[in-house]
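Participant: Let me give you the structure first, and then I'll get to my questions.
The values are calculated or read from the model by the stated rules, or taken from the named source; none is laboratory data. From a predicted model like this one, the values you see are computed outputs, not experimental measurements. Note: ideal-geometry Cβ built from the backbone for every residue, glycine included; neighbour counts use all protein chains shown.
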Amino acid sequence: MTIRALDTDADGRVVLRGQVVENSRACELDAACVLTVDVNGLQINVVYHFGEWPPCENEGAIRQGLEVHKGEWIEVYAEVSEGGDLVTCGSSDYYIRPSSNE
């Protein structure tokens, strides 16, 4: 299954829920900040900050992403990039928030 299969209405946006496997906070060193999220055995990358360039205007998602820890369950609303990752930078409507595992 690819990430595009999760975009069932083909609008380029996805809402998913899963458990955080890793939170790479590399944007603090000018690389991308990325959450790796396990969704039913599929690991999906969620980019919540690109580093220095291009700028990410979604301050809420940046704050939310930086607060996430390995093992937590989250819900993500984001757009699907051409590379297949999810990206929260494109709109202030996108989010990362705590969720239950049910």
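Participant: Within region 54-74, is there a residue that is within 20 Å of Arg13 (Cβ to Cβ) and basic (Lys, Arg)?
Facilitator: no
Participant: Here's something else I'd like to know. Restricted to region 44-65, and to residues that are in contact with a Cys (Cβ under 9 Å, 6 or more places away or on another chain) and small (Gly, Ala, Ser), which residue is nearest to Tyr95 (Cα to Cα)?
Facilitator: That would be Ala61.
Participant: Now for a different question. Please list, ordered by first then second residue, the pairs with beta carbon atoms under 6 Å, 6 or more apart or interchain, first in region 24-40 and closer than 15 Å to Thr88 by Cα, second in a loop (DSSP other than H, G, I, E, B) and at pLDDT below 90.
Facilitator: Hits for this filter: Cys27/Gly51; Ala32/Gly51.
Participant: Something else now. Can you name every residue in region 59-90 that is polar (S, T, N, Q) and at pLDDT below 95?
Facilitator: If the condition is that a residue be polar (S, T, N, Q) and at pLDDT below 95, then Ser81 is the only one that fits.
Participant: Just name the residue that is surrounded by the fewest Cβ atoms within 10 Å (Cβ to Cβ) out of those in region 71-102 that are within 16 Å of Val34 (Cβ to Cβ) and touching an Asp or Glu at 6+ places or on another chain (Cβ under 6 Å).
Facilitator: Gly90
Participant: So, one more: Out of the residues in region 37-62 that are in contact with a strand residue (DSSP E or B) (Cβ under 9 Å, 6 or more places away or on another chain) and not in a strand (DSSP E or B), which is surrounded by the fewest Cβ atoms within 10 Å (Cβ to Cβ)?
Facilitator: The selected residue is Asn40.
Participant: I need the full set of residues from region 64-93 which are assigned to a loop (DSSP other than H, G, I, E, B) and either touching a residue at least 40 places away in the same chain (Cβ under 8 Å) or of a type in the set (D, E, K, R) (or both), in order please.
Facilitator: Matches in region 64-93: Val68, His69, Lys70, Gly71, Glu72, Glu82, Gly84, Asp85, Thr88, Cys89, Asp93.
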